[in-house]
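**Student:** Quick one: the structure is below, and I'll ask about it shortly.
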Amino acid sequence: MESSNINIVTASEKIERKTQEKIRRIQMKYLISKLFSLIPPHHHQSTKEVLTKQDKIDAAITYIKQLKERIEVLERRKEEVVAQETCDDSKKSMPTTTCSIKSPMVEVKELDSTLEVILVSGLQKNFILQEVIKIIEQEGAQVVSANYSTIDDTIYYMIHAQVKIARLGIDASRVHLRLQKMVC
């Protein structure tokens with residue numbers, strides 16, 4: 001009689017462990033899918049094949065590394081801008097000091113199906129805004145608005161664009177690279 005109770009207990013323990021493991025696997029599958037859904041479609045290879053869990057995790061790791069690199073670049077730019085502002089402040093107090101932006105700054109932000117391009121340039125560095133718009137449109141976006149402001153010897157351009165085909169998206173890094181080559 002006792003041996004049958006022991007068998008029932010061990011059988012129910014096995015079923016409980018199997019159920020817990022099944023729930024754990026379902027949760028992991030859901031979390032991996034959720035993580036993968038956070039990656040913009042143009043940052044991973046879109047193939048007809050179903051990606052494995054490992055492929056999805058690798059894509060997420062690669063995307064996170066790209067974001068970290070982007071953060072480092074933006075932090076360096078921020079330091080340059082702060083240094084430039086400090087230089088501008090000293091320019092006001094000391095008229096003999098000369099300060100200017102060494103090279104144009106290009107920043108491309110992607111937000112869902114919109115693209116924001118910010119260009120900062122000195123007055124001495126001229127480029128044709130039409131060429132900038134042409135590059136953006138060649139990459140699959142349509143310019144919605146373009147504005148500029150001039151402050152002291154610096155020109156600030158801000159261009160807003162809408163992705164033409166939302167499901168295809170746009171490669172913001174490619175736009176950034178092409179614009180960087182053009183203005184520098």
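The values are calculated or read from the model by the stated rules, or taken from the named source; none is laboratory data. These figures come from a predicted structure and were not determined experimentally. Virtual Cβ from ideal backbone geometry, glycine too; neighbours counted across all protein chains shown. Just the protein is used for accessible areas: all its heavy atoms, side chains included, with ligands, DNA and RNA removed. Shrake-Rupley method; radii C 1.70, N 1.55, O 1.52, S 1.80 Å.
**Student:** On a 1.4 Å probe surface of the protein chains, which of Lys164, Lys109, Lys18 comes out largest in accessible area, and what is the full order? Spell out each step's value before the answer.
**Tutor:** On the way: Lys164 120, Lys109 80, Lys18 145 Å².
These residues rank, largest area first, as Lys18, Lys164, Lys109.
**Student:** Find out how many positive minus negative residues lie around Ala59, taking Lys and Arg as positive, Asp and Glu as negative, among other residues whose Cβ is under 12 Å from that of Ala59.
**Tutor:** Overall, the nearby charge balance is +1.
**Student:** For the residue pair Leu177 and Gln27, what label-to-label distance in nm results when each label sits 7 Å from Cα along the Cα-to-beta-carbon direction?
**Tutor:** With each label placed 7 Å out from Cα toward Cβ, I get 4.1 nm.
**Student:** Below 13 angstrom from the Cβ of Lys78, what's the summed charge of the other residues (Lys, Arg +1; Asp, Glu -1)?
**Tutor:** -3
**Student:** Sticking with this one: Between Arg70 and Ile165, what is the label-to-label distance in nm when each label sits 7 Å out along the Cα-to-Cβ direction?
**Tutor:** Result: 2.2 nm between the two label points.
**Student:** Can you give the net charge of the other residues whose Cβ lies under 10 Å from the Cβ of Ile118, counting K and R as +1 and D and E as -1?
**Tutor:** Surrounding charge for Ile118 is -1.
**Student:** May I ask you to compute the full-extension gain from Arg17 to Ser149, defined as 0.36 nm times their residue separation minus their alpha-carbon distance, rounded to one decimal in nm?
**Tutor:** Once the chain is fully extended between Arg17 and Ser149, it gains 40.9 nm.
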